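We did not get these values from a lab; they are worked out from the coordinates using the rules stated. In this text the structure is predicted, and so the values were computed from the model without any measurement. Methodologically, a virtual Cβ is constructed for each residue, glycine included, from the backbone with ideal geometry; neighbour enumeration extends over all protein chains shown.
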Amino acid sequence: MTTTMTIRLESAIKNRLDRLSAATNRSKSFLAAEAIREYVSINEWQIQEIRTALAEADAGDFASDADVKAFTDKWDGHAD
């Protein structure tokens, strides 16, 4: 199922979308919907990761200072 939504774009962005539509042989609607799908997906993922990290932090689930030091000592300034 699809639905219609109206958005306002800056003229420069609309012009770029027009050119991209012509160059890719895709409708402006398709390109806009694809861009919104990708934006929503990335932001949903990011918000979930933040919530997960906050829950871990609230539970005290952190690497110890010794764990962090052992990890960083592996690098010791060398790019081996």
> Among the residues of region 15-28, how many are surrounded by 12 or more Cβ atoms within 10 Å (Cβ to Cβ) and in contact with a Ser or Thr (Cβ under 9 Å, 6 or more places away or on another chain)?
Replying inline: 2
> For Arg51, are the conditions met, namely being exposed (fewer than 10 other Cβ atoms within 10 Å of the Cβ) and either touching a helix residue (DSSP H, G or I) at 6+ places or on another chain (Cβ under 8 Å) or of a type in the set (Lys, Arg) (or both)?
Replying inline: no
> (1) loosely packed, with under 10 Cβ neighbours inside 10 Å; (2) without any contact (Cβ under 8 Å) to a residue 24 or more places away in the chain; (3) not charged (D, E, K, R): which one isn't true of Ile7, the others all being true?
Replying inline: (2)
> How about the chain: which helices (runs of 4 or more DSSP H) wholly inside it have at least 2 residues that are under 22 Å from the mean Cα position of the chain (by Cα) and not hydroxyl-bearing (Ser, Thr, Tyr)?
Replying inline: 11-24, 28-58
